[in-house]
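Notes follow once the structure below has been shown.
Where a number appears in this text, it was derived from the coordinates with a stated rule and is not lab data. Bear in mind that the values here come from a model prediction, so they are computed numbers and not experimental data. Heads up, the Cβs are rebuilt from the backbone with ideal geometry, glycines too, and the neighbour counts pull from every protein chain shown.
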Amino acid sequence: MGQAPVVYGQSTRPPRGDYSRANADYTCPQDYAAYTAADHDTYRRLYERQRALLPGLASQAFIDALPSLGASDRIPRFEEVNERLYKATGWELVGVPGLIPEVPFFTLLANRKFPVTDWIRKPEEFEYIVEPDIFHDLFGHVPLLFNPVFADYVQRYGQGGLKAQGLGSCEMLSRLYWYTIEFGLIREAGQLRAYGAGILSSSGELAYSVQSPEPQRIPLQLERTMRTRYKIDTYQQTYFVIDSFEQLFEMTAADFAPIYERLRGLPEFAADEREAVAA
Ligand code: HBI
Ligand code: FE
């Protein structure tokens, strides 16, 4: 495979993964034997720490689905997870060397295949890593793929991405991904909870996103969200809140082409620009 892609628009570092192993669709088999004892121990420690932080902060739907990942004392085999995941919602995990270009990414999601990075951070990166590794993808993204409504939303996002690509509107659509699948908040039984993978796999941002008075939290609204830029290496200054995964799924039933047209000429919000609160 050729050079790895630059994705999320802003990353410029050479990627970590070995893209030479990837197939034409950027997938690669999980090389389970390649994981070292230190890799399995890093996964176990990350999982233990994160699981202890979840109560009262993470979506209950996520907490209920987490055990479906299976092993927590070692890196799970993708086929172990796939046995359960495929039965639950018809999704399956596929290995990838890391971030992949948008069209292959959208194509996998549209076919209910979730790309999971196959390497794990080094012990010295325990606290933080910019690029998604297997812990971010498995722990952060996969449990909610066991939730049928959320799983349908992710597939619809992939289908929408292929359309957006044709309309040159990937940047706008990627903001919807960023502020829902990666950094979304949900109100459950009147309580604010996190459901975005970027929050759920972060030891610091989980409490910050739900409890800190600093960021603004506004209801998810397609056009406002698609006009809000994001930064990939800081906590979010703006979080978008939904009331249910059904709301998220229904909201994305619309054809986005007219929305892209309307937004094209409008000014964008900076990641930390506050919503003008009605006086
Ligand atoms: N690739 N492996 C991987 N994982 C992602 O989450 C991902 C990606 N490529 C592009 C991307 N996300 C975002 O730009 C999407 O909005 C397309
Ligand atoms: Fe992610």
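Listing for the model above:
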| read-out | value |
| --- | --- |
| Residues of region 178-197 that turn out to be near ligand 1 (Cβ under 10 Å from one of its atoms) and buried (at least 22 other Cβ atoms within 10 Å of the Cβ), as a count | 3 |
| Among residues of region 21-35, those that are of a type outside the set (Asp, Glu), assigned to a loop (DSSP other than H, G, I, E, B) and surrounded by 11 or more Cβ atoms within 10 Å (Cβ to Cβ), counted | 8 |
| Residues located in region 36-62, provided they are buried (at least 17 other Cβ atoms within 10 Å of the Cβ) and under 18 Å from residue 145 (Cβ atoms) | 47, 50, 54, 58, 59, 61, 62 |
| Output for region 84-112, where each listed residue is within 11 Å of ligand 1 (Cβ to nearest atom), outside any helix (DSSP H, G or I) and not β-branched (Val, Ile, Thr) | 95, 97, 98, 99, 101 |
| Those residues of region 129-156 which are under 16 Å from the mean Cα position of the chain (by Cα), away from ligand 2 (no atom under 12 Å from the Cβ) and of a type outside the set (A, V, I, L, M, F, W, C), in sequence order | 143, 147, 152, 153, 155, 156 |
| Within region 39-83, tally of residues that are touching a strand residue (DSSP E or B) at 6+ places or on another chain (Cβ under 7 Å), in contact (Cβ under 8 Å) with a residue 12 or more places away in the chain and either within 21 Å of residue 96 (Cβ to Cβ) or in a loop (DSSP other than H, G, I, E, B) (or both) | 4 |
| Single condition residue 152 does not satisfy, out of (1) within 27 Å of residue 271 (Cβ to Cβ); (2) in contact (Cβ under 8 Å) with a residue 60 or more places away in the chain; (3) away from ligand 1 (no atom under 14 Å from the Cβ); (4) acidic (Asp, Glu) | (1) |
| Residue among 115, 143 that is in contact (Cβ under 8 Å) with a residue 12 or more places away in the chain and either among the aromatic types (Phe, Trp, Tyr) or within 24 Å of residue 231 (Cβ to Cβ) (or both) | 115 |
| Residues that are buried (at least 17 other Cβ atoms within 10 Å of the Cβ) and either in a helix (DSSP H, G or I) or over 15 Å from the mean Cα position of the chain (by Cα) (or both), drawn from region 228-240 | 228, 238 |
